[in-house]
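Peer 1: Here it is, the structure in full.
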Amino acid sequence: MLFDLTDLRLFIFVAELKSLTRAAERMHLSLAAASNRIKELESRFGMRLLYRENKGVSLSPAGETLLAHAQRFMQQVELLKSDMQQYNNGIKGHIRIFANTTAVTEFMPHVLGTFLASHPQVNVALEERLNHDIVRGVQEGTADIGVAAGAVQGQGLEIINFSTDRLVLATAADHPLAQAGSIGFAETLEYPHIGLHEGSTLQHFLNRVVTDSGDRLNLRIQVRGFDAMCRMVEANVGIGILPQSAARRHSQTMKLALVDLSDDWAVRERSIVVQKLEALPAYARELVEMIRSEASG
């Protein structure tokens, strides 16, 4: 046989981590054992799969092909585990989710809390990613499920719209814009803004809107989440753009004024992204349905 499951898991980790050492640690293998497995793979296929570099490793064209097949193969293994779980309660499942900022901080904690309580044998890895990384992760098999907002396109993927995400402006109660019934984003740019960290999907989106319009966003400070943003807004450090659901929740405990944005892009569709819904393990399909029903509600 050309390979076993350990070989494939190791190779996937090497590709994701871009490090043989870190992949070996993840697999609980010695570096020598991991290196030998990769060398044996290359010997069996008769071609180079990795380029060894000073700062890590990168995939050769043949390695990229093997990675794509390995990821699909491991997905089928997870599906097999799920189907056999009714006969063997000792088998555990694992779901990898890439999601945007709003999903990670707002509704996914509640959804996952409910899901994991009823699925004690399933583990979930939830990572905040930008929209294009979410789509690419699902396409490449790095993620089983993606949750994104706004326009989402991905060849060969199933895109399931499940709710609407509206962005609003939050200001301090005594801010000059607090009494505006509705305002265009461009009209807010003369004021200091509170932004999210650069890895945030929302901040990336707003930066692109400003760049495309030729304007400049005056970022007074950047924070890690909506709670910190709203506290800064309440203290009149600046104004902030955030989802309506988060804004309303924080306005219950903070003195904030919420103003509608009149821009068309302020209303964004939320979508679940998968390669093929029916190919997911049963427990993963159940999680998708929970996201659809609970987040849309």
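The values are calculated or read from the model by the stated rules, or taken from the named source; none is laboratory data. Just so it is clear, the model here is predicted, and its values are computed rather than measured. Neighbour counts are summed over all protein chains in view; Cβ atoms, including those assigned to glycine, are modelled from backbone coordinates with ideal geometry.
Peer 1: Modelled with pLDDT under 90 and touching a Phe, Trp or Tyr at 6+ places or on another chain (Cβ under 8 Å) - does that describe any residue in region 72-79?
Peer 2: No, the conditions are met nowhere in region 72-79.
Peer 1: Being hydrophobic (A, V, I, L, M, F, W, C), crowded, with 21+ Cβ neighbours inside 10 Å and outside any strand (DSSP E or B) is the filter here; which residues of region 239-284 pass it?
Peer 2: A246, A247, L280, A284
Peer 1: Also: For region 137-146, check the following and say yes or no: at least one residue is over 30 Å from L66 (Cα atoms) and of a type in the set (G, A, S).
Peer 2: Scanning region 137-146, I find no residue that is over 30 Å from L66 (Cα atoms) and of a type in the set (G, A, S), so the answer is no.
Peer 1: Now, a different point. Right, N207: surrounded by fewer than 18 Cβ atoms within 10 Å (Cβ to Cβ) and on the phi > 0 side of the Ramachandran plot or not?
Peer 2: no
Peer 1: Also: Every residue in region 191-211 that is out of contact with any strand residue (DSSP E or B) (no Cβ under 6 Å at 6 or more places or on another chain) and of a type in the set (G, A, S), please.
Peer 2: Scanning region 191-211 gives G199, S200.
Peer 1: With a cut-off of at least 3 residues that are touching a Lys or Arg at 6+ places or on another chain (Cβ under 7 Å), name the helices (runs of 4 or more DSSP H) lying wholly within region 1-80.
Peer 2: Of the helices (runs of 4 or more DSSP H) lying wholly inside region 1-80, those with at least 3 residues that are touching a Lys or Arg at 6+ places or on another chain (Cβ under 7 Å) span 5-17.
Peer 1: With respect to L287, determine if the residue is assigned to a loop (DSSP other than H, G, I, E, B) and either within 23 Å of H132 (Cα to Cα) or in contact with a Cys (Cβ under 8 Å, 6 or more places away or on another chain) (or both).
Peer 2: So L287 fails the test.
Peer 1: Looking only at residues that are surrounded by fewer than 20 Cβ atoms within 10 Å (Cβ to Cβ) and in contact (Cβ under 8 Å) with a residue 40 or more places away in the chain in region 188-198, which one is nearest to Q222 (Cα to Cα)?
Peer 2: Out of the qualifying residues, it is P192.
Peer 1: Hey, among the residues in region 212-236 that are touching a strand residue (DSSP E or B) at 6+ places or on another chain (Cβ under 9 Å) and in a loop (DSSP other than H, G, I, E, B), which one's nearest to Q252 (Cα to Cα)?
Peer 2: Restricting to residues being touching a strand residue (DSSP E or B) at 6+ places or on another chain (Cβ under 9 Å) and in a loop (DSSP other than H, G, I, E, B), the top hit is A235.
Peer 1: Right, next: In region 1-18, how many are under 22 Å from the mean Cα position of the chain (by Cα) and either closer than 22 Å to F45 by Cα or surrounded by fewer than 16 Cβ atoms within 10 Å (Cβ to Cβ) (or both)?
Peer 2: 7
Peer 1: Same structure again: Within region 132-187, how many residues turn out to be acidic (D, E), part of a loop (DSSP other than H, G, I, E, B) and surrounded by fewer than 18 Cβ atoms within 10 Å (Cβ to Cβ)?
Peer 2: 1
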